[in-house]
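Participant: Below is the structure I would like to discuss, written out as structure tokens.
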Amino acid sequence: MCTSHYIITLSKSRDTCLPQVNYDPNDLADVDNPESNNGRPRTALLHDLTISCKTISTNKARYRCGMTGCLQSWSGKRQAGRIYKHILDECKCVDDAIRKQVGDAFIDRSLHTQLEATEEDSSLEKMSKAEAKKARALKINQAVLNLICGTGIPPTIVDTDEWKNVMSTIDNSVVTYGSTSFVDTYIPGEAAQITEEKIRMLSKLKNLTISYDGGTTKAVESIYTIHVTTPRRRQAYLIEGNEASGVSHSGPQIAEELFKVLYILCCETSVSRYVGIKY
Ligand SMILES: [Zn+2]
């Protein structure tokens, strides 16, 4: 499976975050974090990343991005997928340390990681019925994720009655996740995991080439991509993909994006590993 399909979902619309805030920030007032009333433990990272607030005009509870300078907010309960995706893909006010922390948290939630943990626990023969059912459901959902990313079909196909009919005909004990779960949580988690894996591999090589390209999708979205190519086999890895419609990319802005990738790959050893830059 081509890693590009996963990795390109990692970083979308980072440049267009601020104009697209969900709610008027002037109508929000911060409140103390209300105590959980159902006894469930809070996810510390989610509460570190967000701040509880309420609308001044209607007194409705919301929560907002906790990064200084960011104006984004949401209604309802804190959803990890939504918050992590904002921090990784959209938020312009987040630093590299928090991005890394959120990336790791996303990887922990990925189907891949859950499946590996299940397989490490025991062989399929030794599993209890419930564990085996969970492992089978994870495998099937991972296969569905691969299908969506590998073919480019719309993730909403999994919400259709026709899809549900196919699945129940194959195995009526397994339910596949909804498109929102794939889009907000599992695909970005897979992208973060694959990107981290490839960066780890590339950071051990020398004489790499970094290249930048821009283009337009069928949906008329402007995108740019940054690839790193290995010296011997000339294998290109997509490390950064960003949808940047309506944003003019000047030389300094392109250089800034390139330097981010250069820095990621060189930071472990402080050694330059590149021989070429292609644009
Ligand atoms: Zn933000």
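Participant: Along Cα→Cβ, 7 Å out, is where each label goes; now give me the distance between the ones at D48 and A255 in nm to one decimal.
Facilitator: Here the answer is 3.4 nm between the modelled labels.
Participant: Taking neighbour counts of Cβ atoms within 10 Å as a proxy for exposure, in what order, fewest first, do D48, D32 appear? Mind dumping the intermediate values first?
Facilitator: Details: D48 11, D32 6.
Ordered from fewest to most neighbouring Cβ atoms within 10 Å, D48, D32 come out as D32, D48.
Participant: For a footprinting-style exposure proxy, rank C53, C93, C65 by other Cβ within 10 Å, fewest first.
Facilitator: Numbers: C53 19, C93 16, C65 23.
Sorted ascending by nearby Cβ count, the order is C93, C53, C65.
Participant: Let me ask something else. Can you tell me how the range 131-196 classifies by the Cα gyration tensor, rounded, prolate or oblate, using a/c under 1.5 as the rounded cut?
Facilitator: On the way: a/c = 2.20, a/b = 1.32, b/c = 1.67.
Since a/c reaches 1.5 but b/c is at least a/b, the shape of the range 131-196 is classed as oblate.
Participant: Follow-up question, since we're still on this one. Cut-off is 10 Å between beta-carbons; in what order do M67, M167, M201 appear when sorted fewest neighbours first?
Facilitator: On the way: M67 19, M167 15, M201 11.
Ascending number of Cβ neighbours within 10 Å: M201, M167, M67.
Participant: If each of A132 and S75 carries a label point 7 Å out from its Cα toward its Cβ, how far apart are those two points in nm?
Facilitator: Each label point lies 7 Å from its Cα, and together they span 4.6 nm.
Participant: Right, another one. How long is the gain from R234 to K218 if the chain were fully straight, where each residue apart is worth 0.36 nm and the alpha carbon distance is subtracted? Walk me through the numbers on the way to the answer.
Facilitator: Values: separation 16, 0.36 × 16 = 5.76 nm, distance 2.79 nm.
Extra length from R234 to K218 when fully extended: 3.0 nm.
All of the numbers you see were taken from the coordinates with simple rules; none came from a lab. Remember, it's a predicted structure, so these values are computed and weren't measured experimentally. Methodologically, a virtual Cβ is constructed for each residue, glycine included, from the backbone with ideal geometry; neighbour enumeration extends over all protein chains shown.
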